[in-house]
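The values are calculated or read from the model by the stated rules, or taken from the named source; none is laboratory data. No experiment lies behind these values; they were computed from the predicted model shown. Cβ: placed from backbone, ideal geometry, glycine included. Neighbour counts: every protein chain shown. Ligands, DNA and RNA are stripped out before the accessible areas are found, and what is left, the full protein with its side chains, is counted by its heavy atoms. Shrake-Rupley method; radii C 1.70, N 1.55, O 1.52, S 1.80 Å.
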Amino acid sequence: METAVPPTLPDPDSWAEALKVLGLRERTADWLALVCRHGGVFTRRQFCDRYACRRNAAHRFVGRLARAGLAREYRRPGGRTNGTYCHIRDSSPYHVLGLGPQFARPPRSPTLLWRRLLGLDYVLERHDSDWLHTEEDLVAHFTHVGVRPGVLPKREFKGAVGKTVRRFPMRYPIDSDGWEWSTFVFVDPGYDTTVPLGYWADTHRRLWNGLRRRGIEVHVVAAVRSHAAAQRARNRLKHWTGYYSDAALTHDEWWLLEDIETAIDANDPSVFDEWGGFRRAMRLRAPLRRRADAADKGNGRIDSYSTHVAVRLGDPCVDARLY
């Protein structure tokens with residue numbers, strides 16, 4: 001029996017090398033590659049912590065980016081101090097890295113800004129990891145390990161030219177070593193409740209179940225702005241851990257359920273001919289889904305969890321000095 005080959009993951013070093021075609025210095029290319037792949041915004045303190053440099057070095061660095069037309073600095077909302085953030089506004093780095101042009105525009109709301117800053121802040125803790133960034137990377141990776149496309153999180157957008165389906169629309173950081181584990185980061189921009197955490201988890205439930213059935217551990221991280229938010233997240237996450245058993249459904253039954261639900265997501269009536277039509281497929285699905293949900297309640301959604309308090313960005317409950 002042949003040994004399965006691990007999926008190919010993005011090489012972090014190649015991103016910085018790619019940006020050097022723009023004439024950037026090594027550190028500038030390295031930092032912009034990291035920031036652009038995680039939302040396009042950063043603070044001076046995040047830069048200082050990444051390179052263990054002084055505050056005035058970050059000041060000079062941001063000044064060089066601004067003079068070159070690569071970035072612009074803005075006042076940071078939602079804090080008790082007058083902190084700022086820097087946005088990479090030039091579209092060239094995004095184009096070189098194969099990213100969409102949407103990041104070249106400043107975040108349109110404080111919530112979106114904090115999501116991006118918090119996501120980057122956690123990534124800085126593990127900046128050498130093989131983070132999956134683009135929708136194409138994520139879909140290719142999870143389908144390679146055997147997860148059906150129909151269980152991947154998605155959102156439909158309606159525009160003038162029709163309906164567009166986006167996978168992993170929230171673009172929160174996701175890390176994976178291939179076949180052993182996957183880490184999913186939930187970003188809390190300042191909610192006073194764990195309801196959004198629960199909604200986010202529900203959109204990933206089928207993916208997580210698919211990974212765990214294949215022996216891939218699921219770890220969830222809640223990246224938050226305060227210790228109070230971290231405690232709220234821990235109180236919620238601790239109820240989701242536990243051993244996963246697929247004893248409620250056989251292997252073949254799981255595949256049948258995933259096939260039917262993938263067909264439902266595809267919204268193509270002809271696909272249901274395999275089961276004798278749509279109604280017949282729904283009759284097959286109903287008892288399988290009931291048993292799967294019952295098994296899910298009796299076991300865990302995830303294998304482990306942790307929280308990350310973004311001290312670099314300051315606790316909104318503490319009048320901390322921000323850079």
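Using the structure shown, decide if residue 73 is open to solvent by less than 70 Å² (accessible area, probe 1.4 Å) and under 16 Å from residue 32 (Cβ atoms).
Here the answer is yes, as residue 73 does meet what is asked.
Looking only at the stretch 118-135, how many residues end up being open to solvent by less than 10 Å² (accessible area, probe 1.4 Å) and modelled with pLDDT of 90 or more?
5
Quick one: which of 225, 283, 289 is under 30 Å from residue 121 (Cβ atoms) and open to solvent by 20 Å² or more (accessible area, probe 1.4 Å)?
225
Please work out if residue 211 is under 14 Å from the mean Cα position of the chain (by Cα) and buried (at least 17 other Cβ atoms within 10 Å of the Cβ).
Taking the combined requirement at face value, the residue does not satisfy it.
Looking at the stretch 136-156, which of its residues are open to solvent by 80 Å² or more (accessible area, probe 1.4 Å) and either within 13 Å of residue 266 (Cβ to Cβ) or in contact (Cβ under 8 Å) with a residue 12 or more places away in the chain (or both)?
Result: 144, 155, 156.
Filter the stretch 139-182 down to the residues that are of a type in the set (Phe, Trp, Tyr) and closer than 11 Å to residue 211 by Cβ, then identify the one that is modelled with the lowest pLDDT.
Restricting to residues being of a type in the set (Phe, Trp, Tyr) and closer than 11 Å to residue 211 by Cβ, the top hit is 179.
Would it be correct to say that residue 98 is open to solvent by less than 40 Å² (accessible area, probe 1.4 Å) and free of Cβ contacts under 8 Å to residues at least 40 places away in the same chain?
So residue 98 fails the test.
Going by the conditions given, is residue 189 at pLDDT 90 or above and surrounded by fewer than 19 Cβ atoms within 10 Å (Cβ to Cβ)?
no
Can you report the number of residues in the stretch 271-280 which are outside any helix (DSSP H, G or I) and open to solvent by less than 50 Å² (accessible area, probe 1.4 Å)?
1
Return the residues of the stretch 157-186 that are hydrophobic (A, V, I, L, M, F, W, C), part of a strand (DSSP E or B) and surrounded by 13 or more Cβ atoms within 10 Å (Cβ to Cβ); say none if nothing qualifies.
174, 181, 184, 185, 186 - these are the residues of the stretch 157-186 that are hydrophobic (A, V, I, L, M, F, W, C), part of a strand (DSSP E or B) and surrounded by 13 or more Cβ atoms within 10 Å (Cβ to Cβ).
Just for helices (runs of 4 or more DSSP H) wholly inside the stretch 38-142: which have at least 1 residues that are over 21 Å from residue 17 (Cβ atoms)?
Output list reads 44-51, 55-67, 110-125.
Restricting attention to the stretch 10-44, which residues are at pLDDT 85 or above and of a type in the set (Gly, Ala, Ser)?
Answer for the stretch 10-44, where residues must be at pLDDT 85 or above and of a type in the set (Gly, Ala, Ser): 18, 23, 29, 33, 39, 40.
Only one of (1) open to solvent by less than 30 Å² (accessible area, probe 1.4 Å); (2) touching a residue at least 60 places away in the same chain (Cβ under 8 Å) fails for residue 265. Which number is that?
Just one mismatch for residue 265, condition (1).
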